[in-house]
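Encoded as structure tokens, the structure appears first; notes follow it.
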Number of protein chains: 2
Amino acid sequence: MSFDRLIDGIVKMQNPTVAGLDPKLDFIPDYIKENAYMEHGKTLEGAAAALFEFNKGLIDALCDIVPAVKPQAAYYEMYGWNGVHALQKTIEYAKSKGMFVITDGKRNDIGTTMEAYAKAHLGITDVDGEKIEPFGADALTVNGYLGTDGVKPVLNVCKEFDKGMFILVKTSNPSSGELQDRILDDEKTVYRTMGDMCENWGSEIMGQYGYSGVGAVVGATYPQQLGELRKALPHTFFLVPGYGAQGGGAADVAPAFDEKGLGAIINSSRGIMCAWKKESGTAPKDYAQAARREAIRMRDEIVSYIGTITK
Amino acid sequence: MSFDRLIDGIVKMQNPTVAGLDPKLDFIPDYIKENAYMEHGKTLEGAAAALFEFNKGLIDALCDIVPAVKPQAAYYEMYGWNGVHALQKTIEYAKSKGMFVITDGKRNDIGTTMEAYAKAHLGITDVDGEKIEPFGADALTVNGYLGTDGVKPVLNVCKEFDKGMFILVKTSNPSSGELQDRILDDEKTVYRTMGDMCENWGSEIMGQYGYSGVGAVVGATYPQQLGELRKALPHTFFLVPGYGAQGGGAADVAPAFDEKGLGAIINSSRGIMCAWKKESGTAPKDYAQAARREAIRMRDEIVSYIGTITK
């Protein structure tokens, strides 16, 4: 079961964090963009080339200390099909360096359509007998508003190809409560109800460390809910956005972990990608080393709250 | 406001339907696939070439009688970045034939990430001063689980570029009720609450025919809820999936319309795309004409329930 591989990586590196790869052009040093525009012009193809080059540098600098990357699909789609090609190449490159890849696509649909998304991002597409992996990520984020019909097709692909998913439960944004915090007629919140569904769906793909292949997205900006859900959902692994730029700190994310230091992986995107802009005196050429320094700082800060991570 | 253009097309053609373009390889006649494989091999590129060729034939056969197409992003992503390229070319071709294009992507995220999705699918991307349209659809389906933070960025792009969105309210699948039918503490259902949010969000982009640029997805398989929501959400235009293959008939979708025959557009995907397989004696080469016959049958069946459509 896929999150076993993620957990193995976390324990080996003693680092429960994931680097978000959301490469806006603003975050990319000029020398990378200039090289890309020289070859491809100021086009979507040129932008996509710059994205991939930037990501490669980050992956090279992080792959021995950070177990996973999380490319955000929106920032690739923004550059059209060329951008989506850069997403595919980024996933391939990160996997070649041993990293666990979570595509943050928040995909959702039903039946054969959801099956198509699952095959696209986690599985294999059959072109009249030829089996081809379109994107090949290890896990995908999923929006569960459509219920079981939208999750079962992903579950099937996860079982077949040893992959996992993270379902949106309590998101990190200020307005997440408009629906997610509402109370249902059994006095549970919507987010808790979604969390309970994750536990239920996950029971079909339980891993050897007690966590299933159906994880949950729970924001660092809601530490109380993180703690509540950690207790209520003992088999559900958490992907925690909102650390750093969105305001969550290490103390806020500590409740996401179990007593072994397992149960969650904390994402930082801008904090790592833009570290070179925040450090004083760092040259653009050193962007990847700046990212590495920030990743180490983040790791050490979080581990200081949870201690040694054991399986 | 974008749905005004859609409404103009519906009234002009007296046809409140949209053709879903979900081109699975199984739906495509062999001669198209063989030509594509001859040129590109049995690869994702070959599959994508077949998809686009199939779609072109459908668009040519439908563009003077059906006002809109709805490509489902999953069936393009399934063929990797090549498939996504076919999506872009399909959108471009349908627009060149005067059709209104709804990308069914059910995208959702927050803040700058949702802005990236909105720019990708509906707006313009800025590559260091060069303004480029990555996909250029007229409307996008959106999942509202994250609340206002996930909708505002799309609203802004819709205002700027005269586009629209459809938010999932009550989906057509059997398990949609697991969350959407649950009762909240104010005794309203989750789907009704989401519908009320659509009315609220839409008030910022009201069109000249009384419908806003924030529509709702409501399934044909739930006619009672369709009628309830039509009354409750007088400014929200409905995109109605579930007609045909999923079991909804013309009588089921009739409650989606207002007294002028406006307020909804009914989708058929497999019914139209696979008409050539269902008709007896139709040659694969006539797939597009079979699609046209089915589109006319569907139009006439629905219009027989709602009468002449007026603005």
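Couple of notes before you dig in:
- Selected residue (criterion: surrounded by the fewest Cβ atoms within 10 Å (Cβ to Cβ)) from residues of the range B:84-127 that are among the hydroxyl-bearing types (Ser, Thr, Tyr) and under 22 Å from B:Gly9 (Cα atoms): B:Ser96
- The residue that is nearest to B:Gly248 (Cα to Cα), among those in the range B:163-178 that are aliphatic (A, V, I, L, M) and touching a helix residue (DSSP H, G or I) at 6+ places or on another chain (Cβ under 6 Å), is B:Val169.
- Selected residue [more than 10 Å from chain B (Cβ to nearest Cβ), over 20 Å from B:Gly144 (Cα atoms), of a type outside the set (Ser, Thr, Tyr) and assigned to a loop (DSSP other than H, G, I, E, B)] from A:Pro255, A:Pro234: A:Pro234
- Any hit, the range B:282-296, residues being free of Cβ contacts under 8 Å to residues at least 40 places away in the same chain, acidic (Asp, Glu) and under 29 Å from B:Tyr211 (Cα atoms): yes
- Subset of the range A:106-149 that is in contact with a strand residue (DSSP E or B) (Cβ under 6 Å, 6 or more places away or on another chain) and more than 8 Å from chain B (Cβ to nearest Cβ) - its residue that is farthest from A:Ile167 (Cα to Cα): A:Ile124
- In the set (1) among the polar types (S, T, N, Q); (2) modelled with pLDDT under 95; (3) not in a loop (DSSP other than H, G, I, E, B), the condition left unmet by B:Asn267 is number (2).
- Selected residue (criterion: modelled with the lowest pLDDT) from residues of the range A:96-117 that are more than 17 Å from the chain's Cα centre (by Cα) and either within 13 Å of A:Gly136 (Cα to Cα) or small (Gly, Ala, Ser) (or both): A:Gly111
- Every residue from the range A:75-105 that is of a type in the set (A, V, I, L, M), in contact (Cβ under 8 Å) with a residue 12 or more places away in the chain and within 12 Å of chain B (Cβ to nearest Cβ): A:Ala86, A:Leu87, A:Ile91
- Residue tally, condition assigned to a helix (DSSP H, G or I), more than 20 Å from A:Trp81 (Cα to Cα) and free of Cβ contacts under 8 Å to residues at least 40 places away in the same chain, over the range B:119-151: 1
- Test: residue in the range A:272-281 that is under 24 Å from A:Ala61 (Cβ atoms) and of a type in the set (Asp, Glu): yes
- In the range A:60-83, the residues that are over 17 Å from the mean Cα position of the chain (by Cα) and either at negative phi or among the hydroxyl-bearing types (Ser, Thr, Tyr) (or both): A:Asp60, A:Ala61, A:Asp64, A:Met78, A:Tyr79, A:Trp81, A:Asn82, A:Gly83
- A:Ser269 being under 19 Å from the mean Cα position of the chain (by Cα) and among the hydroxyl-bearing types (Ser, Thr, Tyr): yes
- Residue match in the range A:157-175 (condition: under 19 Å from the mean Cα position of the chain (by Cα) and at positive phi): yes
- The residues in the range A:195-231 that are within 26 Å of A:Ala19 (Cβ to Cβ) and either within 14 Å of chain B (Cβ to nearest Cβ) or part of a loop (DSSP other than H, G, I, E, B) (or both) can be counted, and the count is 16.
- Considering (1) assigned to a loop (DSSP other than H, G, I, E, B); (2) buried (at least 16 other Cβ atoms within 10 Å of the Cβ), the lone condition that A:Asp186 does not fulfil carries the number (2).
- When the range B:286-311 is filtered for residues that are assigned to a helix (DSSP H, G or I), touching a helix residue (DSSP H, G or I) at 6+ places or on another chain (Cβ under 7 Å) and charged (D, E, K, R), the ones remaining, listed by number, are B:Asp286, B:Arg292, B:Arg293, B:Glu294, B:Glu301.
- Helices (runs of 4 or more DSSP H) within the range A:21-79 that include 2 or more residues surrounded by fewer than 22 Cβ atoms within 10 Å (Cβ to Cβ) and modelled with pLDDT under 95: none
- Positions within the range B:29-59 being within 21 Å of B:Val101 (Cα to Cα) and touching a Phe, Trp or Tyr at 6+ places or on another chain (Cβ under 9 Å), in sequence order: B:Ala48, B:Ala49, B:Ala50, B:Leu51, B:Phe52, B:Phe54, B:Asn55, B:Lys56, B:Gly57, B:Leu58, B:Ile59
- Condition met for B:Glu160 (without any contact (Cβ under 8 Å) to a residue 40 or more places away in the chain, out of contact with any helix residue (DSSP H, G or I) (no Cβ under 6 Å at 6 or more places or on another chain) and not in a strand (DSSP E or B)): yes
- Every pair of residues 6+ apart whose Cβ atoms lie under 8 Å, when the first sits in the range B:195-213 and is touching a residue at least 12 places away in the same chain (Cβ under 8 Å) and under 11 Å from B:Ile7 (Cα atoms) while the second is polar (S, T, N, Q) and part of a helix (DSSP H, G or I): B:Gly207/B:Ser2
- In this entry, B:Lys277 passes the filter for residues that are farther than 16 Å from B:Leu229 by Cβ and more than 22 Å from the chain's Cα centre (by Cα).
- When residues in the range A:82-118 are screened for being of a type in the set (Lys, Arg) and assigned to a strand (DSSP E or B), 2 of them pass.
The values are calculated or read from the model by the stated rules, or taken from the named source; none is laboratory data. These numbers come from a predicted model, not from an experiment. In this analysis, Cβ positions are derived from the backbone assuming ideal geometry, glycine residues included, and neighbour counts consider all displayed protein chains.
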